[in-house]
1. Just to be sure before I move on: is THR124 within 22 Å of ASP43 (Cβ to Cβ) and either surrounded by 14 or more Cβ atoms within 10 Å (Cβ to Cβ) or aromatic (Phe, Trp, Tyr) (or both) in the structure I sent?
2. Scan the range 146-199 for residues that are in contact (Cβ under 8 Å) with a residue 24 or more places away in the chain and either assigned to a helix (DSSP H, G or I) or exposed (fewer than 14 other Cβ atoms within 10 Å of the Cβ) (or both) and jot them down.
3. Given (1) within 30 Å of ALA173 (Cα to Cα); (2) surrounded by 11 or more Cβ atoms within 10 Å (Cβ to Cβ), identify the lone condition not met by ASP136.
4. Is there any pair with a first residue in the range 82-101 that is surrounded by 12 or more Cβ atoms within 10 Å (Cβ to Cβ) and a second that is assigned to a helix (DSSP H, G or I) and among the basic types (Lys, Arg) whose Cβ atoms are under 6 Å apart and which are 6 or more apart or on different chains, and what are they?
5. So which residues in the range 91-121 are among the acidic types (Asp, Glu) and either touching a Leu at 6+ places or on another chain (Cβ under 9 Å) or outside any helix (DSSP H, G or I) (or both)?
6. Filter the range 184-214 down to the residues that are small (Gly, Ala, Ser) and on the phi > 0 side of the Ramachandran plot and list them by number.
7. Looking for something over 30 Å from PRO86 (Cα atoms) and either assigned to a helix (DSSP H, G or I) or touching a residue at least 40 places away in the same chain (Cβ under 8 Å) (or both) - is there at least one such residue anywhere in the range 122-134?
Amino acid sequence: MAWHTVKRFSDAAKPEDLFTGQWQNRTSVLDDYKPYLDDRWNDGITIAWKLWEEIVPLGYKGSYQRVRAYLHKKRTSPRPVTARPPSPRTVSGWILRRPETLTEQEQLQLKTVRTQCPELDALTLHVRSFATMLTDRQGERLPAWLDAVRQDDLPSLHTLAAGIDRDIDAVTAGLTLPWSSGAVEGHVNRIKMLKRQMFGRAGFQLLRKRVLLA
């Protein structure tokens, strides 16, 4: 037995601490539907067959026995059994994507996260509001958006708001006017790429030819 395993056993304060290992992190076809099952369980719906019938139309392709086992574990475990929380990267993806592109299951999971974390709920509202300003060119709404951001305890967004304040006229123009410097930035990035490909060994004339011929 490896030394670190012996130490883990000796440091365990309670029996549950011994049940750790890679098997605990294995994914299951039921994982995406556990938040829904948890919500229904909290609503008082605890019949496995009924809940299995509810998640099948949502896309669940696993067996009824897997649902029954999860609910049995919730019913008999001395500690609360809930779905594994999604990763920060996953939640960020849900927030940054257009709401209409999220699947019904993703919308449900994001709703659960927002319900349990008021800060993430406020962040989601601000991000989506800013996205609407950006896509619909509603720069006149920027001052109201900044005021709303400052009213919430979100230090990262406060930093963003302070940066926007320093150049608010330019940001407002970018959110309002139809013109964009995207084409120029694209050419600059292409020139930088060509220069990196030559590792700085080529002169201006060769770079010029590659830019013109690319």
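The values are calculated or read from the model by the stated rules, or taken from the named source; none is laboratory data. A quick note: this is a predicted structure, and the numbers were derived from the prediction, not measured. Using ideal geometry, Cβ is built from the backbone for each residue, glycine included, and neighbour counts are taken over all protein chains shown.
1. Spelling it out, it is not the case that THR124 is within 22 Å of ASP43 (Cβ to Cβ) and either surrounded by 14 or more Cβ atoms within 10 Å (Cβ to Cβ) or aromatic (Phe, Trp, Tyr) (or both).
2. ASP153, LEU157, ILE168, VAL171, THR172, ALA173, GLY174, LEU175, THR176, LEU177, PRO178, ARG190
3. The number of the failed condition is (2).
4. ALA83/LYS34
5. Once the filter is applied, which keeps residues that are among the acidic types (Asp, Glu) and either touching a Leu at 6+ places or on another chain (Cβ under 9 Å) or outside any helix (DSSP H, G or I) (or both), the range 91-121 yields GLU104, GLU119.
6. Selection gives GLY200 alone.
7. No, there is no match, as no residue in the range 122-134 is over 30 Å from PRO86 (Cα atoms) and either assigned to a helix (DSSP H, G or I) or touching a residue at least 40 places away in the same chain (Cβ under 8 Å) (or both).
Every residue, every condition in (1) polar (S, T, N, Q); (2) modelled with pLDDT of 90 or more; (3) under 14 Å from the mean Cα position of the chain (by Cα), yes or no:
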residue	(1), (2), (3)
THR82	yes, no, no
SER92	yes, yes, yes
ARG97	no, yes, yes
TRP145	no, yes, no
ALA161	no, yes, no
THR172	yes, yes, no
